[in-house]
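Presented below is the structure to which this report refers.
The values are calculated or read from the model by the stated rules, or taken from the named source; none is laboratory data. As the structure is a computational prediction, the values presented were derived from the model and not from experiment. Cβ atoms come from the backbone with ideal geometry, glycine included; neighbour counts cover every protein chain shown.
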Amino acid sequence: MSVEAPAPTQTTPEPILSAAGVSKVFGGLVAVNQVSVDIPVGSIVSIIGPNGAGKTTFFNMLTGLYKSSGGRIVFSGRDITDDRPDVITKLGVARTFQNIRLFGAMTALENVIVGRHCRMRAGLFGSVVRAPWVRAEERAVQDRAAETLSYVGLRSNQFGQLSSNLSYGDQRRVEIARALASDPKLLLLDEPTAGMNPQESAALTEFMRKLRNDLELTILLIEHDMKVVMGVSEQITVLDHGEKIAEGAPAKVREDQRVIEAYLGKQS
């Protein structure tokens, strides 16, 4: 009598980032209250919510700009709850900001080169001594920065322009290029389509998919444009007054009564 082999068990891959019970208190104000989120590897995940819901504060804790008041944050199996921003960046987490934070007195190319510094071997001593290998590394970084700017859609004649002189949309491209220069595994985008017209927003939505597929990135974004959120997200987490009120696929979140009330108010 033949015995059938047991069916293989499917295991769920570890999330690239896991936030468990994360909170942030400013004085007597609870900005984020015990929020837990798992970000699957290779996914595009959105965090949404009304103004003041705690979204950017949550981002700032994930990237080390704020220290959490409670909870635990794990990235690629390492506890990063108390790590500095530069350490978290070197581990593979990069971000953009709701209000673009480029160095206005630097060119587009120089801004992207700055983003590569966490991967460069030359420290202060190497920069002073200017050994041949240091010069070779600098040339390679410059070439890589130019390639990255081309990849995000900037024209070559804009590489040498001061970032402050670029259009809003091009500044967004430079900021994304600077984040990509650090070779991240996880890219956090804070309101990436803010200030864009519908055509620019649609183009950025397609570009996020391209980033994920070409570079095998995981993307976590905060976004107010619901068309973008519903069109690009595989998982959505909804915050309201610092608390997670819903989570799931776009179709599920769209129909959630608590989400509808958070945005539109309760029906009288």
Exercise. Test THR12 against the stated conditions and say whether it is modelled with pLDDT under 95 and in a loop (DSSP other than H, G, I, E, B).
Key: yes
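So is GLU216 touching a strand residue (DSSP E or B) at 6+ places or on another chain (Cβ under 8 Å) and in contact (Cβ under 8 Å) with a residue 12 or more places away in the chain or not?
No.
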Requiring at least 1 residues that are free of Cβ contacts under 8 Å to residues at least 40 places away in the same chain, the strands (runs of 3 or more DSSP E) wholly within segment 29-82 are 29-39
Next on the checklist: Yes or no: segment 168-189 includes at least one residue that is outside the structural domain of ILE47 (by TED's automatic domain parsing), among the hydroxyl-bearing types (Ser, Thr, Tyr) and modelled with pLDDT under 90.
Outcome noted: yes
